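To start, the structure under review is shown below, and the notes come after it.
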Amino acid sequence: YTWSINNVGLGENLQTALAYWRGGENDNAYKLFKSTLVESMYGSASPGGFQQLSFYDAIRGELYRDFADGIGTTARTVTEGLFGILPDALNDKLVIKPGFPTDWKFAKLSVPDISIDFKQDKNITTYNIVQSYNKLLNVTLQLKALKDKVVSVMVNGKPAKWNWLQNVVGQPMLEIITGKEKQLSIKINWAGNDFE
(Lines give C-alpha, C1' and ligand atoms only; values in the text may rest on other atoms or scores of the structure.)
Protein backbone atom coordinates (compact mmCIF):
# COMPACT_ATOMS: atom_id res chain seq x y z
CA TYR A 1 0.00 0.00 0.00
CA THR A 2 1.37 3.40 -0.95
CA TRP A 3 0.29 6.34 1.18
CA SER A 4 -1.04 9.09 -1.02
CA ILE A 5 -0.20 12.74 -0.41
CA ASN A 6 -3.94 13.32 -0.80
CA ASN A 7 -4.74 10.88 1.99
CA VAL A 8 -5.57 13.49 4.63
CA GLY A 9 -8.22 13.04 7.23
CA LEU A 10 -9.87 14.67 10.17
CA GLY A 11 -7.02 13.82 12.56
CA GLU A 12 -4.30 15.31 10.36
CA ASN A 13 -6.23 18.54 9.79
CA LEU A 14 -6.91 18.94 13.52
CA GLN A 15 -3.27 18.25 14.40
CA THR A 16 -2.39 21.06 11.99
CA ALA A 17 -4.93 23.33 13.71
CA LEU A 18 -3.35 22.43 17.07
CA ALA A 19 0.07 23.37 15.65
CA TYR A 20 -1.37 26.73 14.58
CA TRP A 21 -2.67 27.24 18.15
CA ARG A 22 0.72 26.35 19.62
CA GLY A 23 2.26 28.91 17.28
CA GLY A 24 -0.14 31.63 18.44
CA GLU A 25 -2.13 31.74 15.18
CA ASN A 26 -5.53 31.58 16.91
CA ASP A 27 -7.67 32.89 14.04
CA ASN A 28 -6.10 30.56 11.46
CA ALA A 29 -6.27 27.63 13.88
CA TYR A 30 -9.96 28.14 14.51
CA LYS A 31 -10.75 28.57 10.80
CA LEU A 32 -9.09 25.22 9.99
CA PHE A 33 -10.66 23.54 13.04
CA LYS A 34 -14.17 24.75 12.20
CA SER A 35 -13.85 23.99 8.48
CA THR A 36 -12.66 20.45 9.21
CA LEU A 37 -15.53 19.73 11.61
CA VAL A 38 -18.15 21.24 9.32
CA GLU A 39 -16.87 19.13 6.41
CA SER A 40 -16.83 15.97 8.54
CA MET A 41 -20.12 16.44 10.34
CA TYR A 42 -22.22 18.07 7.62
CA GLY A 43 -20.55 17.33 4.29
CA SER A 44 -19.89 13.63 4.75
CA ALA A 45 -21.98 10.56 4.01
CA SER A 46 -22.61 10.20 7.75
CA PRO A 47 -23.94 13.54 9.07
CA GLY A 48 -22.84 14.24 12.63
CA GLY A 49 -20.06 11.66 12.41
CA PHE A 50 -16.31 11.89 12.82
CA GLN A 51 -14.81 10.54 9.63
CA GLN A 52 -11.38 9.06 9.06
CA LEU A 53 -10.72 10.51 5.62
CA SER A 54 -12.25 13.49 3.91
CA PHE A 55 -14.55 12.86 0.97
CA TYR A 56 -12.15 15.18 -0.85
CA ASP A 57 -9.52 12.42 -0.77
CA ALA A 58 -8.63 11.88 -4.44
CA ILE A 59 -7.80 8.18 -4.06
CA ARG A 60 -10.16 6.63 -1.52
CA GLY A 61 -12.89 9.15 -0.88
CA GLU A 62 -14.54 9.20 2.50
CA LEU A 63 -13.68 6.14 4.57
CA TYR A 64 -14.90 4.96 8.00
CA ARG A 65 -17.19 6.89 10.31
CA ASP A 66 -16.79 7.74 14.01
CA PHE A 67 -13.13 6.89 13.68
CA ALA A 68 -11.22 6.92 16.99
CA ASP A 69 -8.30 8.99 15.62
CA GLY A 70 -10.65 11.82 14.67
CA ILE A 71 -12.64 11.68 17.89
CA GLY A 72 -9.55 11.73 20.12
CA THR A 73 -7.84 14.45 18.11
CA THR A 74 -10.97 16.60 18.20
CA ALA A 75 -11.15 16.36 22.00
CA ARG A 76 -7.45 17.20 22.32
CA THR A 77 -7.70 20.12 19.90
CA VAL A 78 -10.65 21.64 21.77
CA THR A 79 -9.04 21.34 25.22
CA GLU A 80 -5.37 22.03 24.41
CA GLY A 81 -5.83 24.34 21.44
CA LEU A 82 -9.05 26.33 21.67
CA PHE A 83 -9.16 26.48 25.49
CA GLY A 84 -5.38 26.12 25.96
CA ILE A 85 -5.55 23.74 28.94
CA LEU A 86 -2.05 22.30 29.45
CA PRO A 87 -1.82 20.32 32.71
CA ASP A 88 1.55 19.06 33.98
CA ALA A 89 0.62 17.26 37.20
CA LEU A 90 4.10 15.73 37.64
CA ASN A 91 5.48 19.26 38.03
CA ASP A 92 2.45 20.63 39.91
CA LYS A 93 1.56 23.05 37.10
CA LEU A 94 -1.46 23.94 35.02
CA VAL A 95 -0.88 26.43 32.22
CA ILE A 96 -3.96 27.87 30.54
CA LYS A 97 -3.18 29.61 27.26
CA PRO A 98 -6.53 30.23 25.53
CA GLY A 99 -6.65 30.19 21.74
CA PHE A 100 -9.93 32.01 21.22
CA PRO A 101 -10.40 33.82 17.92
CA THR A 102 -9.94 37.58 18.10
CA ASP A 103 -13.63 38.43 17.78
CA TRP A 104 -14.92 36.03 20.47
CA LYS A 105 -16.59 37.70 23.45
CA PHE A 106 -17.39 34.59 25.48
CA ALA A 107 -16.66 30.86 25.69
CA LYS A 108 -17.29 28.14 28.23
CA LEU A 109 -16.03 24.59 28.67
CA SER A 110 -16.78 22.11 31.42
CA VAL A 111 -15.05 18.72 31.49
CA PRO A 112 -14.51 16.43 34.51
CA ASP A 113 -11.12 17.93 35.48
CA ILE A 114 -11.69 21.65 34.83
CA SER A 115 -14.18 24.29 33.84
CA ILE A 116 -13.39 27.61 32.20
CA ASP A 117 -15.78 30.49 31.63
CA PHE A 118 -14.41 33.40 29.55
CA LYS A 119 -16.08 36.78 28.97
CA GLN A 120 -14.86 39.91 27.22
CA ASP A 121 -16.77 43.12 27.90
CA LYS A 122 -15.12 46.17 26.32
CA ASN A 123 -11.86 46.59 28.29
CA ILE A 124 -12.56 43.93 30.94
CA THR A 125 -11.49 40.32 30.40
CA THR A 126 -12.82 37.79 32.92
CA TYR A 127 -11.88 34.14 33.42
CA ASN A 128 -13.63 31.93 35.97
CA ILE A 129 -11.69 28.70 36.40
CA VAL A 130 -12.52 25.71 38.61
CA GLN A 131 -10.05 22.84 38.74
CA SER A 132 -11.11 19.36 39.85
CA TYR A 133 -7.90 17.38 39.35
CA ASN A 134 -6.89 14.78 41.94
CA LYS A 135 -4.57 17.41 43.42
CA LEU A 136 -4.55 21.18 43.17
CA LEU A 137 -2.12 22.53 40.58
CA ASN A 138 -0.39 25.91 40.38
CA VAL A 139 -2.36 27.80 37.73
CA THR A 140 -0.71 30.14 35.25
CA LEU A 141 -2.90 32.06 32.80
CA GLN A 142 -1.16 33.27 29.64
CA LEU A 143 -3.15 35.39 27.22
CA LYS A 144 -2.73 37.69 24.29
CA ALA A 145 -2.82 41.33 25.30
CA LEU A 146 -5.99 43.15 24.31
CA LYS A 147 -4.41 46.62 24.67
CA ASP A 148 -0.92 47.99 25.28
CA LYS A 149 -1.56 48.93 28.92
CA VAL A 150 -2.94 47.08 31.96
CA VAL A 151 -4.87 49.07 34.59
CA SER A 152 -5.25 46.15 36.99
CA VAL A 153 -5.25 42.39 37.39
CA MET A 154 -7.46 40.97 40.13
CA VAL A 155 -7.54 37.35 41.28
CA ASN A 156 -10.43 36.41 43.58
CA GLY A 157 -11.04 40.10 44.27
CA LYS A 158 -7.43 40.91 45.26
CA PRO A 159 -4.70 42.66 43.26
CA ALA A 160 -2.44 40.09 41.60
CA LYS A 161 1.08 40.04 40.23
CA TRP A 162 1.47 39.76 36.49
CA ASN A 163 4.17 40.25 33.89
CA TRP A 164 4.64 40.57 30.15
CA LEU A 165 5.92 37.33 28.66
CA GLN A 166 9.32 37.59 27.01
CA ASN A 167 10.28 36.15 23.62
CA VAL A 168 6.78 35.86 22.19
CA VAL A 169 6.07 36.10 18.49
CA GLY A 170 3.24 38.23 17.16
CA GLN A 171 1.02 39.91 19.71
CA PRO A 172 2.39 40.61 23.24
CA MET A 173 1.23 38.25 25.99
CA LEU A 174 0.42 38.68 29.65
CA GLU A 175 1.17 36.05 32.31
CA ILE A 176 -0.66 35.74 35.63
CA ILE A 177 0.60 33.16 38.13
CA THR A 178 -2.18 32.49 40.63
CA GLY A 179 -0.91 29.61 42.74
CA LYS A 180 -2.93 26.62 43.95
CA GLU A 181 -6.58 27.62 44.08
CA LYS A 182 -9.57 25.39 43.38
CA GLN A 183 -11.67 28.32 42.16
CA LEU A 184 -10.30 31.38 40.43
CA SER A 185 -11.96 34.56 39.29
CA ILE A 186 -9.45 36.54 37.21
CA LYS A 187 -10.24 40.05 35.91
CA ILE A 188 -7.96 42.06 33.69
CA ASN A 189 -8.76 45.74 33.09
CA TRP A 190 -7.07 46.93 29.89
CA ALA A 191 -6.30 50.48 28.75
CA GLY A 192 -4.36 52.23 26.04
CA ASN A 193 -4.22 51.38 22.35
CA ASP A 194 -5.07 48.29 20.34
CA PHE A 195 -2.20 46.39 18.74
CA GLU A 196 -1.82 46.58 14.98
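The values are calculated or read from the model by the stated rules, or taken from the named source; none is laboratory data. This structure is a prediction, so every number in the text was calculated from the model and none was measured. FYI the Cβ positions are ideal-geometry reconstructions off the backbone, even for glycines, and counts take in every protein chain you see. For the accessible areas, the whole protein counts, side chains as well, though only heavy atoms, and no ligand, DNA or RNA atoms are used. Shrake-Rupley method; radii C 1.70, N 1.55, O 1.52, S 1.80 Å.
Considering only the Cα atoms of the chain, their convex hull presents on average a projected area of 13.1 nm². Partners of residue 180 within straight-line reach, counting aspartates and glutamates whose Cα lies under 16 Å from its Cα and excluding those fewer than 8 residues away in the same chain: 88, 92, 113. Computed extension gain for residue 180 through residue 41, at 0.36 nm per residue and net of the alpha carbon distance, reaches 46.1 nm.
For the chain, carbon and sulfur atoms together expose 53% of the accessible surface, with a 1.4 angstrom probe and every protein chain in place.
Rolling a 1.4 Å probe across the protein heavy atoms gives the chain an accessible surface of 57 Å² per residue.
Here the dipole of the chain is about 740 debye; that uses its Cα centre as origin and unit charges on the Cβ of Lys and Arg (positive) and Asp and Glu (negative). Straight-distance candidates among the lysines for linking to residue 187, with alpha-carbon spacing under 20 Å and chain neighbours fewer than 8 residues away dropped: 97, 105, 108, 119, 122, 144, 147, 149, 158, 161.
Distance between the modelled labels on residue 12 and residue 148, one decimal in nanometres: 4.3 nm (7 Å Cα→Cβ projection).
When every Cα-Cα distance of the range 73-130 is counted in 5 angstrom steps from zero, the calculated P(r) takes the values 5, 16, 29, 25, 15, 6, 3, 0 percent.
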